[in-house]
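Take a look at the structure set out below.
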Amino acid sequence: MKKIVYPSNHALLSSNDGYATISTVNLLLVILFVVLGVSGCTEQINTQKEPISQQQFHWKLVTSWPKNYPGLGTAPEQFARWVNEMSQGQLQIKVYAAGELVPALEVFDAVSSGAVHMGHSAAYYWKGKVPALQFFTAVPFGLTAQEMNGWLHYGGGMELYRKVYAPLNIIPLAGGNTGVQMAGWFNKEIHSVQDLKGLKMRVPGLAGEILNKLGVATVTLPGSELYTAMQTGVIDAAEWVAPYNDMALGLHEVAQYYYYPGWHEPGPMLEFIIHRPSYNQLPLHLRTIVETAARAVNQNMLDEYTSLNNQALNKLTTEHGVQLRQLPTSVLLRLRRIAQEVISEMVATDPQVQEVYSSFHAYAQKVQSYHKISEHAFLNLRTLENKQQ
Ligand code: CA
């Protein structure tokens, strides 16, 4: 595996950071007030309610990422620190990188079986077990990070997410979002869909199904294997994340052309998955801490990627000679047409996919009608200003 390069100005807050400490204290106070329902009546609560459980919990959290991998790997570490601090050590979570306890793509099995208490991964890795789970990571030509978070937390998505996972003994939580990704790394230029035919490409989820229809042999590999797989010709193209993460894997050393936009993952979501019986054993205030810390990590990852992708892209193009390319419009339009066909086929044959996608699609229609005159209109305005300068 390629040695991972860590950015020197990594943005995640450490537990020793003054801001983190202040935020944590404030958050703890807010949670305690919410959980206890305190509004100047502490004495009354102490006399009328059961005392808060002081039982200690020690959890294991397995991930699909290399040790301390920027963003994806440091997010669950940050989660564990915040939970530990907010619970004053009552719930302690030890994070294991991919391969330390279980391989990267066996996180689901470990959590579902109860071998570990929780995991951090991406739901589309489990598409072979439950196809509907793919829609909780990324839908090609679907929702941005902002829209995905809206669907999940205010548009009915979370209820469906929990419903799909319920028979599998798992409770899911949003675990971060990278924002729009890159289309991937190639060693030849893509001028038409014909140039895609015959490629062996690492690309998981629905995008893999779509590219299969254009003659691409797709495979799901964990990030730690991508550098060697590209170097040895096991694959000849790969999508991973975006500049910040791709540079850390060294993918610029094994591929020349870096294509955009990430049509396949416009707002991909990571996930925390929790073994249901373990979650149910927690007293209410610890459940609230777990959910609040996950929500904070979910937003923090997007903040981090928004800030650091641009810096990494600049380094890739100016110092490493990476050739940046845009996928031709004809290719993107063909991919969009096939995406609609692939999803329609799944909806017609899988009732669970039908239920999830109808919620996703209805929300997308509604949110996009407003975003046309808000986000989209504003980004168009920015382009207009640039052209006139
Ligand atoms: Ca990706």
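The values are calculated or read from the model by the stated rules, or taken from the named source; none is laboratory data. In this text the structure is predicted, and so the values were computed from the model without any measurement. All Cβ positions, even for glycine, are placed from backbone atoms using ideal geometry, and neighbour counts span all protein chains on display. Quick note on the areas: whole protein, heavy atoms, side chains included, nothing else; ligands and nucleic acids left out. Shrake-Rupley method; radii C 1.70, N 1.55, O 1.52, S 1.80 Å.
Things worth noting here:
- Net charge dipole size for the chain [Lys, Arg +1 and Asp, Glu -1 on Cβ; Debye, nearest 20]: 380
- Calculated FRET efficiency for the pair residue 158/residue 348, C-beta based, R₀ 25 Å, to 0.05: 0.45
- Each DSSP beta bridge with both residues in the chain is either parallel or antiparallel, and the antiparallel ones are about 45%.
- Farthest positive-ward along region 203-334 dipole, Cα basis, beta-carbon charges - from 317, 277, 299: 277
- Listed residue pairs exceeding 25 Å between alpha carbons, taken from 163/366; 129/197; 200/315: 129/197; 200/315
- Surface per residue (accessible, 1.4 Å probe) for the chain, Å²: 46
- For the peptides 122-129, 150-157, 261-268, residues were scored by their other Cβ atoms within 10 Å and the scores averaged per peptide; the highest-first order is 261-268, 122-129, 150-157.
- Based on the convex hull around the alpha carbon atoms, region 285-389 presents an average projected area of 11.9 nm².
- Contour excess over end-to-end distance, with Cα ends at residue 379 and residue 52 and 0.36 nm allotted per residue: 112.8 nm
- Crossing angle, helix 145-154 versus the chain [Cα axis fit, 0-90 degrees, rounded to tens]: 40
- Put simply, when 209-217, 289-297, 311-319 are sorted by average Cβ atoms within 10 angstrom per residue, most first, you get 289-297, 209-217, 311-319.
- In degrees, nearest ten, helix 375-388 long axis to first principal axis of the chain (Cα): 50
- One Cα centroid belongs to region 128-190, the other to region 260-322; the line between them spans 12 Å.
- Put a plus charge on the Cβ of each Lys and Arg, a minus charge on the Cβ of each Asp and Glu, and nothing anywhere else: the dipole of region 198-354 about its Cα centre is then about 200 debye.
- The charge dipole of region 68-215, taken about the Cα centre with unit charges on the Cβ atoms of Lys, Arg (+1) and Asp, Glu (-1), comes to about 320 debye, rounded to the nearest 20.
- Just the protein heavy atoms count here, and of the accessible area of the chain at 1.4 Å, carbon and sulfur take up 52 percent.
- The tail of the calculated P(r) for the chain, taken as Cα-Cα distances beyond 27 Å, holds 52 percent of the pairs.
- Residue-averaged 222 nm ellipticity for the chain, from DSSP H runs of 4+ at -39500 (n - 2.57), nearest 500: -15000 deg cm²/dmol
- Helix 74-86 and the longest principal axis of the C-alpha atoms of the chain enclose an angle of approximately 10°.
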